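One structure is given here, and the rest of the page talks about it.
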């Protein structure tokens, strides 16, 4: 059409975009803009009470040092425990020759009219009562708020129980006609082997036990005794067992030991009528006093 501008040549007026105020949106009031002091801060907030500083994780060197210290402490504790057990094992070895043992003739006089099994039952009952008395006393001490000299109580129970059970094992060998040959020291070593291994001794086969308490034998015996003593540790844990529980545990363990030893001795038992006349047993010069534990001992 005449006088009109073609569409392609039509120009549009470009309105410049409103940049707004540098201080905020166009037309916004000061109270709508907010305080300029409330913007996010890039400064560290370690000193602000409402934003505590995050805890820093220990560096690897510190962690390694802590592990080394912990391992060293555990190693030293283990060394002290092993040293204590070794000391107690040596104490048991030392007291073994001092345990008084009644021979068969004495036992038959004290319990007339009983056969081997009935007599063995009497001995087991007396020994179980004796070890339960020890367990009751130590268990009661362990239940105190502050156990008095617990290591001393531990040594008392272990050596006391060992003495009662060694006496039981020696007299069971007498009842079943299986007295080990040799003098007091040799027999004591044989009984120690029987006690630590919880097995009876075959006196017809000396290879089943080593009567010579040499350096190697003493080390092996010490290891066996230490393993045996570890079993008694739970009865001494304070606040976990008391007098009644300590008595039950010791009585049960003594009866279990006697059952194992008697099972071995029955297989090689020598009847009384076939026994040769045996000399009286040699008694220790300084016998241990076990009479106070139980009158049946």
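The values are calculated or read from the model by the stated rules, or taken from the named source; none is laboratory data. Note that the structure is predicted; figures quoted are calculated from it, not measured. Methodologically, a virtual Cβ is constructed for each residue, glycine included, from the backbone with ideal geometry; neighbour enumeration extends over all protein chains shown.
Among residues that are in a helix (DSSP H, G or I) and closer than 26 Å to residue 286 by Cα, residue 85 is included. Of all the criteria given as (1) assigned to a helix (DSSP H, G or I); (2) at pLDDT 85 or above; (3) surrounded by fewer than 18 Cβ atoms within 10 Å (Cβ to Cβ), the one not satisfied by residue 140 is (2). When you check residue 178 against the structure, is it closer than 26 Å to residue 252 by Cβ, in contact with a helix residue (DSSP H, G or I) (Cβ under 7 Å, 6 or more places away or on another chain), surrounded by fewer than 23 Cβ atoms within 10 Å (Cβ to Cβ) and modelled with pLDDT of 90 or more, yes or no? Yes, satisfied. Residues that are under 26 Å from residue 115 (Cβ atoms) and either out of contact with any strand residue (DSSP E or B) (no Cβ under 7 Å at 6 or more places or on another chain) or at pLDDT below 65 (or both) do not occur anywhere in region 217-240.
With respect to residue 200, determine if the residue is surrounded by 15 or more Cβ atoms within 10 Å (Cβ to Cβ), modelled with pLDDT of 90 or more and farther than 17 Å from residue 125 by Cα. It is false that residue 200 is surrounded by 15 or more Cβ atoms within 10 Å (Cβ to Cβ), modelled with pLDDT of 90 or more and farther than 17 Å from residue 125 by Cα. Being modelled with pLDDT of 65 or more and farther than 14 Å from residue 257 by Cα is a description that does not apply to residue 150.
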